[in-house]
Amino acid sequence: MAAALVETAKKLFTPETLRTAAKQSERIHIVPLRLRRAIKKFLRDNERMHMKRKVLRLSESFCQIKDFNLLLPSSTSRELVEDPFKSMEPSKRWKIKSAYGDIGLKYTDDETIAYVASRMPAVYSACHRVLKEVRRRLPDFSPARVLDFGAGTGSAFWALRDVWPHSLEKVNIVEPSKSMQRACHSLLQDVKDLPLIHSYDSIQSLSQTIGKNERRHDLVIASYVLGEIPSLKDRITVARQLWDLTQDVLVLVEPGTPQGSSIIHQVRSHILWMEKRRCRKSRDASTSTSGGELQNNAENAVALQPAHCSIPLKRGAFVVAPCAHDGLCPLAKSDKYCHFVQRLERTSSQRAYKRSKGEPLRGFEDEKFCFIALRRGERPKENWPLDEMTFETLKELQAKRNPEDLEIDYEDQFVSETDEDYPDQDLVKYTSDVAETDGMCDDQEEIEDEEAARADLGSGWGRILFTPVRRGKRITLDVCRSTKRDGSEGSFDRIVVTKSKNPALHHQARRSLWGDLWPF
């Protein structure tokens with residue numbers, strides 16, 4: 001019997017099978033234990049009959065939203081993008097009567113429970129990935145006041161708390177669904193050391209409740225929200241309101257679909273255009289005044305700010321991530337679209353309630369998403385990372401080797417096979433099923449690794465948009481990059497890196513993945 005098991009294991013666990021399993025675990029995100037426990041407890045207290053059917057119905061409703069977005073024009077007119085307030089009624093937000101009916105999502109209790117069971121871990125993982133990217137590019141940024149617009153069950157809040165565990169002081173949550181608000185509150189019941197949290201059902205109620213000096217937030221995040229608004233005008237209006245409530249950084253996350261990418265592109269273009277217009281008006285006002293009218297110049301500059309703001313905002317805006325520039329998107333007129341993917345290990349609730357098409361449900365899933373992180377101010381002018389650096393070719397390196405360096409060290413012959421350092425994969429149990437006693441995880445090592453690998457905000461870093469193609473010693477990268485030092489223009493280029501011409505960059509390219517930065 002034992003011999004038969006050994007033979008079966010040899011047939012199943014071939015080197016190719018193990019390598020494939022390791023590839024599937026590459027940069028996989030594991031939902032933290034405290035969130036998994038909160039979800040299990042919530043589902044245990046609120047579980048309903050026919051959960052698989054409810055999860056499937058929720059998935060179909062998201063597909064309907066996608067179909068509604070397809071009915072909208074693929075591009076907006078210049079008048080709409082640049083000035084959506086022309087001939088436009090005030091938006092009612094999320095209770096919008098349109099040609100497609102009342103699409104403002106009103107989650108029932110069953111839909112909320114299905115969302116927690118099936119979608120919350122994936123949305124959390126995408127938000128966590130985006131906020132980690134913001135922290136990596138802005139290591140000195142520690143938000144204290146945060147606005148979570150369209151918070152839902154609190155997926156983005158859980159990610160915020162994991163990325164900046166010690167800086168959060170006050171979090172304002174805007175969520176029109178009472179069912180979602182109750183679920184968010186229930187999931188946070190057993191969590192300790194929470195910041196001050198206030199919930200509102202609209203931006204209007206938020207503005208009416210808090211003082212004028214408290215309306216600006218260090219960080220404003222809206223995840224998987226704008227796609228639920230079926231009107232292009234209302235999306236632009238909401239985006240402008242969120243930007244006016246932003247003191248420093250605005251983060252928007254949408255599903256990784258062509259429609260989600262189009263929404264991000266529209267908001268990106270409008271906010272950058274709007275801030276360029278404000279800066280241009282401010283410069284025109286300063287040049288039109290004489291030296292003795294400095295006070296009037298200051299008054300004109302303040303007049304350009306929103307009426308509810310008393311502290312002057314920084315002029316201008318630039319993209320923190322994922323774009324390396326602030327110009328027109330080079331993919332806007334192509335058949336490609338900018339999106340990324342985060343692999344996560346499915347939780348026990350996802351594996352229990354999600355359906356598969358005739359095959360066993362995989363232990364992981366890939367969450368595709370689009371995002372944009374915008375910051376107030378001007379892009380820092382930094383030297384490009386490869387400036388004044390010279391690289392030797394492989395032939396030059398070999399020619400300079402000393403005879404003693406040619407001695408063979410047999411232990412070094414296997415370095416290339418272990419370079420990628422894949423994590424172990426348990427084929428039976430999942431990490432999300434392990435019962436641990438301590439629900440808090442220490443992210444200090446992860447933070448230290450990120451600080452060691454930080455990249456400045458200059459325009460010299462490109463972004464790898466698709467999976468690199470490795471063919472022998474030749475690696476092809478699709479990179480969105482800046483073509484000007486000030487980051488005002490960009491392009492989408494295909495870069496080929498070979499080991500013979502540049503072994504140093506080839507060594508880095510072998511370890512680069514979809515979504516990584518690439519130096520220029």
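Annotations for the structure displayed:
- For Val319, the shell of other residues with beta-carbons less than 11 Å away shows a net charge of +4, using +1 for Lys and Arg and -1 for Asp and Glu.
- Exposure check, 1.4 Å probe, all protein chains in place: Arg474 carries approximately 120 Å² of accessible surface.
- Taken over the range 187-285, the convex hull of the Cα atoms encloses 149 Å³ per residue.
- Fraction of accessible area attributable to carbon and sulfur, the range 154-207 (%, probe 1.4 Å): 49
- Kirkwood radius for the range 186-228, taken over all pairs of different Cα atoms as the inverse mean of 1/r, rounds to 13.0 Å.
- Listed residue pairs exceeding 19 Å between alpha carbons, taken from Lys212/Lys276; Lys276/Lys314; Lys314/Lys381; Lys336/Lys368; Lys178/Lys212: Lys212/Lys276; Lys178/Lys212
- Normalising the Debye intensity of the range 135-263 to I(0), with uniform scatterers on Cα atoms only, and taking log10 at q = 0.09, 0.12 Å⁻¹ returns -0.25, -0.45.
- Estimated FRET transfer efficiency when R0 is 25 angstrom, pair Ser205-Arg343 (beta carbons, to 0.05): 0.10
- Chain lengthening between Leu196 and Lys473 when straightened (0.36 nm per residue, less Cα-Cα): 94.3 nm
- Taking a point 7 Å from the Cα of Leu361 along the Cα-to-Cβ direction, the residues of the range 119-154 with backbone N closer than 16 Å to it are 119-123.
- His217, His507, His29, His185, ranked by accessible area, largest first (probe 1.4 Å): His185, His507, His29, His217
The values are calculated or read from the model by the stated rules, or taken from the named source; none is laboratory data. None of these values were measured; they are calculated from a predicted model. Every residue, glycine among them, receives a Cβ derived from its backbone with ideal geometry; neighbour counts consider all protein chains shown. SASA here: full protein model, heavy atoms, side chains in, ligands and nucleic acids out. Shrake-Rupley method; radii C 1.70, N 1.55, O 1.52, S 1.80 Å.
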